[in-house]
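Below is one structure, written out as structure tokens; the observations come after it.
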């Protein structure tokens, strides 16, 4: 069965620190990869996506992610976090033949201290 | 304009009751979804519809019945509510079958 694993349950950083959130998935075929963010009290929003091409993708608000096929990983990075980045971050996978079905990781809660 | 809207935002009800959650999208998308987010914030797909046709039904108890009157609406009806149904339910939509989905604000269902 397909699954998505996020390495960290809760990450606490100070402002200006660098961020890397790990995500690994298990699926042998072609996948589309996503990071979604859920700010406190808000709905999920797409942060960035990877379908094909350049494995380093850039998203909104200075976030980027790198797809490493050999490691089945899609880690999220940001060079310098801000207090406003405090949110829950979800990695998700969509297999090409699964009708839009998103499989989510457990989520990582990011707390940024001002 | 809200792209994906859900009503109600909060729903508190007693065990055994029947309740419905409504979802509407104004993005012109063909595909709509229901996801359940449990108390640990884990998100799991329940259903998807494409142009009013059921595409995905993820081993959800048959007390849950989605209904899509048109491709802009996907409602979720839940019969005989149980304590374990307490969760946040998110509606989402996408253009055809893609993981690039737009989510609604969620409906927090509390069953007492």
### Message
Just to be sure before I move on: is residue B:90 at pLDDT below 95, within 14 Å of another protein chain (Cβ to nearest Cβ) and either crowded, with 18+ Cβ neighbours inside 10 Å or at positive phi (or both) in the structure I sent?
### Response
no
### Query
Looking at region B:32-52, is at least one residue surrounded by 14 or more Cβ atoms within 10 Å (Cβ to Cβ), farther than 24 Å from residue A:90 by Cα, touching a strand residue (DSSP E or B) at 6+ places or on another chain (Cβ under 6 Å) and touching a residue at least 12 places away in the same chain (Cβ under 8 Å)?
yes
### Query
Here are some residues: A:44, A:13, A:19. Which one is within 14 Å of another protein chain (Cβ to nearest Cβ) and in contact with a strand residue (DSSP E or B) (Cβ under 7 Å, 6 or more places away or on another chain)?
A:44
### Task
Scan region B:93-112 for residues that are farther than 18 Å from residue B:37 by Cβ and more than 10 Å from every other protein chain (Cβ to nearest Cβ) and report the count.
1
### Summary
Within region A:1-38, the count of residues that are farther than 16 Å from residue A:55 by Cβ, surrounded by fewer than 16 Cβ atoms within 10 Å (Cβ to Cβ), at pLDDT 95 or above and out of contact with any helix residue (DSSP H, G or I) (no Cβ under 8 Å at 6 or more places or on another chain) comes to 7
### Query
Just one of B:4, B:12 is closer than 17 Å to residue B:100 by Cβ and modelled with pLDDT of 95 or more; which is it?
B:4
### Residue within region B:53-73 that is touching a strand residue (DSSP E or B) at 6+ places or on another chain (Cβ under 6 Å), surrounded by 18 or more Cβ atoms within 10 Å (Cβ to Cβ) and at the interface with chain A (Cβ under 10 Å from one of its Cβ atoms) present
yes
### Query
What about residue B:79, is it within 14 Å of chain A (Cβ to nearest Cβ), in contact (Cβ under 8 Å) with a residue 12 or more places away in the chain and out of contact with any strand residue (DSSP E or B) (no Cβ under 6 Å at 6 or more places or on another chain)?
no
### Message
Would you confirm whether or not region A:56-74 contains a residue that is under 23 Å from residue B:34 (Cα atoms) and exposed (fewer than 15 other Cβ atoms within 10 Å of the Cβ)?
### Response
no
### Query
Which residues, taken from region A:88-114, are surrounded by fewer than 19 Cβ atoms within 10 Å (Cβ to Cβ), within 14 Å of residue A:21 (Cβ to Cβ) and more than 9 Å from every other protein chain (Cβ to nearest Cβ)?
A:111
### Query
Do we have any residue at all in region A:80-87 that's within 14 Å of chain B (Cβ to nearest Cβ), at pLDDT 95 or above and under 22 Å from residue A:10 (Cβ atoms)?
yes
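The values are calculated or read from the model by the stated rules, or taken from the named source; none is laboratory data. Here the structure is a predicted model, which is why all the values come from computation and not from measurement. Positions of Cβ are backbone-derived with ideal geometry, glycine not excepted, and every protein chain shown enters the neighbour counts.
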